[in-house]
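The values are calculated or read from the model by the stated rules, or taken from the named source; none is laboratory data. Just so you know, these numbers come straight off a predicted model, no measurement behind them. Note that each Cβ is placed from the backbone with ideal geometry, even for glycine, and that neighbours are counted across all protein chains shown.
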Amino acid sequence: MKLPPLKALPVFEAVARLNSFSRAAVELNVSQSAVSHQIHQLEAYLGETLFQRQGRRLSLTNEGREYQEAVSSALFQLECASEQLQGRVDTRVRIAMYSSIAVRWLIPRLPTLQRQHPQLDLALEMMNESPQLSDRVADCFITLQNEHRGFTADLLYCERMFVIASRSFWQSMCADWQQAGLIDSNEPQQIDPAWLLRYPLLSTYSIYDIHTEDWRRWFAQADLTLPESTRVQHFSHMLMALEAARHHQGLALTNDYMHNVDDDPDLVRIPCHSLVTGDRFYFAFKTSRRQEAGIRLLRQWVRQQAVASGLLEVDEWVAQR
């Protein structure tokens, strides 16, 4: 078996992670020249330059990034294997996900997780963009990615968008429709989507990265065109649009993990159609780590919560078991 200089691998991992020779030296409790020597030795063995040095700026080369992924994962696996032989079961788990699903869906359910699995030590990382699937980032992920080499991805949710408003805004809409002779009851079971065009729309840019695209697609599903004269208030994130709706400023589009009628009685789901966006959310983890206690506990719990909260159908959950 031909192995690289093993003493250099933890040094390379520290420099790559910290993006600094000096910070790596402090963490490893060695001199900066010793760090530099180990990196030069490793580069000489590999025949590749791992870091680009431009003045004080340090960055990984393409080869360095590929090597970092492999080395970080291998060192982590060695650590886990050693802890298991020592009889130490590590239930520390880092999970990375989008900020919206973290704040609106996962965090409110953490007391349940703590009661059911008090031994689980969970650390949350919130991402604005789709997180890179890598041990360096987290141990598991809630992500839109379902195909990544070496990873298993369990389906949690197929996104659908529906219309909400504050309760008082909804009641004033119903009063308008009654006065116009469009409805007989105070709260109709179904309404014509065209009736919503007379009210302010709260649009979230980040859903499709195009202004008003969320509402355009929602109305298009009902064979309606969004007039240019429609009153639209723009927001970068759905969290802000929801708060504006809560404060009676208009109609917002949201999804199941952002709003649950049982948990949020101040907001009303308008009885109209839903728009399936095509986004599918997955719980992902490295397949080689599927037997680790912390990941197994969190995987089972997250999937159970997805079913209990209505994100995942029971038959879909059973099919993945």
Within the range 281-292, residues of a type outside the set (Phe, Trp, Tyr) and crowded, with 16+ Cβ neighbours inside 10 Å come out as Ala284, Lys286, Arg289, Glu292
Residues of the range 271-280 being surrounded by fewer than 17 Cβ atoms within 10 Å (Cβ to Cβ) and of a type in the set (A, V, I, L, M), in sequence order, are Val276
- request: Kindly establish whether Phe169 is aromatic (Phe, Trp, Tyr) and more than 16 Å from the chain's Cα centre (by Cα).
  value: yes
The range 30-139: helices (runs of 4 or more DSSP H) wholly inside it with 3 or more residues that are surrounded by 14 or more Cβ atoms within 10 Å (Cβ to Cβ) and not assigned by TED's automatic domain parsing to the domain that holds Arg299 are 32-46, 62-85
Checklist entry - Looking at Ser236, is it hydroxyl-bearing (Ser, Thr, Tyr) and within 25 Å of the chain's Cα centre (by Cα)? => result yes
Counting only helices (runs of 4 or more DSSP H) entirely within the range 144-256, those with at least 3 residues that are free of Cβ contacts under 8 Å to residues at least 12 places away in the same chain are 167-179, 213-221
Counting only residues that are farther than 18 Å from Ser100 by Cβ, of a type in the set (Gly, Ala, Ser) and touching a helix residue (DSSP H, G or I) at 6+ places or on another chain (Cβ under 7 Å), the range 192-230 contains a total of 1
